[in-house]
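Encoded as structure tokens, the structure appears first; notes follow it.
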Amino acid sequence: MSMINQTNLITDYINFISTAKTERLCVDEAERLAVLAGFRQYKHSSGILMPGEKVYFKNKNKNFAAFIVGKANIAANILGAHIDAPRIDVKQKPLYESDGIAYFDTQYYGGIKKYQWTTTPLAIHGVICTIDGNSVKVSIGEDPNDPIFCICDLLPHLDKKLAEKKASDFINGEKLDILVATTEIETEDKDKKKVKEWVLQFLKEKYGVEEEDLVSAELEIVPAGRARYSGFDKSLIAGYGQDDRVCAFTSLMAVLSLQELPEVTSGVVLVDKEEIGSCCATGAKSRWFEDVLRCVLRPKDEVEFATYLARSRMLSSDVTAAYDPLYADAYDKKSSAKLNGGIMFSKYNGGRGKSGGADANPEFIAYIRKVMKDAGVKYQFDSMGKVDVGGGGTIASMVCDLNINVLDAGVPILNMHSPLELAHVNDIYNAYLGYTAFIKTF
């Protein structure tokens, strides 16, 4: 795979975020692309990795990493992004019926504005695992012949009391249940008909599962439909999950399309659970990330590993809020990232007084500036929102714990955390160029 031009990259990106709407689907697509690019899955019995070898790793179907062994195996250049996104999750005992309508009970995931998810076409993706060891994939709502799903809202004629509430209180979390059916069928009691029975029959016929199997299901409710261009000039990409799959995709493609042998071992790591604190076995706090680095750097002992980590460099590939003139009061205009301003770098993240965030060293920032300048990459710096208004975290704060130099770098986004986010095509391409320049330089 050679260096990708802008038109082809954007086409591939639209296909990626239209297909990979969950963490599992992201890992599946990343693996497919890695194999096409000549990467092989790493096995502990593989022996010593030699310069130029290309390997990838998977963890629990929700993490992915791909590395190229460099000329000198004394450090690593790392791109790290997250592949989870705010969404609605189906609860473990979800199916219920009320007055002739069947619903799935839900729990939202990550920081969403709940009212944005009502009356929006929705799809269901995920897996249902049965006790006999089967894992049944579910995908409903993307094919034009599929039904879609919806969270209902109250009509304006009846919501006078609701209109008096704050926006955050418009929709209670318990009312984010999706309507799944209204057709009744007979139960064992011939005098009764139930919609719930119709749903159970559908699940049995289509997927071979019973109601009890939903306890061990992972079903995610996401906006239905493909990503596409936005604006008369087609300068923007509109789609769900661009936080942070725009950075995950461009980071991945920077590694997969790299033709020359990098100076040091270089790669991309894609993680889960960033939207809820990078926790759990698949989040950035997991030992998996560290274990991958041990496999590719192959230190002889802990002292050498610590030395390699201290020499390593990482870009925490994550998005930021693009400056929006309609909401100018929330931004510090002079230090906010702009659409079409190029890849964004942020010295620090966190909330208010940089709480809970990362703060990059100026020496590392100067190094990154030189790499971007030498490669002709368009870039800008950012601090998200006004001091007492903005703030946010990335996986950088976890990476800092390993004593790795790390800097936030990503694409400015409008409508962040909504069902329809916007990113500029030039910023997406410059992110790809910037990530490529970073991983091949040391």
Only one of 326, 315, 293, 309 that is modelled with pLDDT of 90 or more, closer than 20 Å to residue 427 by Cβ, outside any loop (DSSP other than H, G, I, E, B) and over 21 Å from the mean Cα position of the chain (by Cα): 326
Within region 194-203, identify whether any single residue is over 21 Å from residue 145 (Cβ atoms), free of Cβ contacts under 8 Å to residues at least 12 places away in the same chain and more than 20 Å from the chain's Cα centre (by Cα), and answer yes or no. no
I need every pair where a residue in region 19-40 that is over 19 Å from residue 60 (Cβ atoms) has its Cβ under 6 Å from the Cβ of a residue that is surrounded by fewer than 15 Cβ atoms within 10 Å (Cβ to Cβ), sequence separation at least 6 or different chains. 37/1
Verdict on residue 206 being charged (D, E, K, R) and either outside the structural domain of residue 33 (by TED's automatic domain parsing) or surrounded by fewer than 19 Cβ atoms within 10 Å (Cβ to Cβ) (or both): yes
Please work out which one of (1) outside any helix (DSSP H, G or I); (2) touching a residue at least 40 places away in the same chain (Cβ under 8 Å); (3) surrounded by fewer than 18 Cβ atoms within 10 Å (Cβ to Cβ) is the condition residue 222 fails and give its number. (3)
So how many residues does region 7-37 have that are among the small types (Gly, Ala, Ser) and not in a helix (DSSP H, G or I)? 2
Step by step: first the residues of region 225-252, then only those that are among the acidic types (Asp, Glu) and either at pLDDT below 95 or in a helix (DSSP H, G or I) (or both), then the one that is nearest to the chain's Cα centre (by Cα). Which residue is that? 244
Residues 9, 33, 49: which one is modelled with pLDDT under 95 and either within 14 Å of residue 292 (Cα to Cα) or of a type outside the set (Lys, Arg) (or both)? 49
Taking the criterion of being in a loop (DSSP other than H, G, I, E, B), touching a helix residue (DSSP H, G or I) at 6+ places or on another chain (Cβ under 7 Å) and surrounded by 13 or more Cβ atoms within 10 Å (Cβ to Cβ), would at least one residue in region 141-154 satisfy it? yes
Pairs returned, first residue in region 104-129 that is touching a residue at least 12 places away in the same chain (Cβ under 8 Å) and at positive phi, second residue that is charged (D, E, K, R) and assigned to a loop (DSSP other than H, G, I, E, B), beta-carbon separation under 8 angstrom, 6 or more apart or interchain, are 110/84; 119/153
Counting just the residues of region 253-286 that are surrounded by fewer than 20 Cβ atoms within 10 Å (Cβ to Cβ) and at pLDDT 90 or above, which one comes out farthest from residue 10 (Cα to Cα)? 263
Selection within region 49-99 - among the acidic types (Asp, Glu) and either within 15 Å of the chain's Cα centre (by Cα) or farther than 17 Å from residue 259 by Cα (or both): 84, 89, 97, 99
Which of the residues that make up region 366-385 are hydrophobic (A, V, I, L, M, F, W, C) and modelled with pLDDT of 95 or more? 366, 368, 371, 372, 375, 377
Within the set of pairs 6+ apart or on separate chains, which have a first residue in region 252-266 that is more than 28 Å from residue 17 (Cβ to Cβ), a second that is part of a helix (DSSP H, G or I) and not aromatic (Phe, Trp, Tyr), and C-beta atoms under 6 Å apart? 265/296
Residue 408 meets each of (1) within 23 Å of residue 227 (Cα to Cα); (2) under 17 Å from the mean Cα position of the chain (by Cα); (3) of a type outside the set (Val, Ile, Thr) with one exception, condition (1)
Scope region 308-331; condition in contact (Cβ under 8 Å) with a residue 40 or more places away in the chain and either of a type in the set (Phe, Trp, Tyr) or more than 30 Å from residue 415 (Cβ to Cβ) (or both); matching residues: 308, 309, 310, 311, 312, 313, 323, 331
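The values are calculated or read from the model by the stated rules, or taken from the named source; none is laboratory data. In this text the structure is predicted, and so the values were computed from the model without any measurement. Counting neighbours? That spans all protein chains shown, and the Cβs are built from the backbone with ideal geometry, glycine included.
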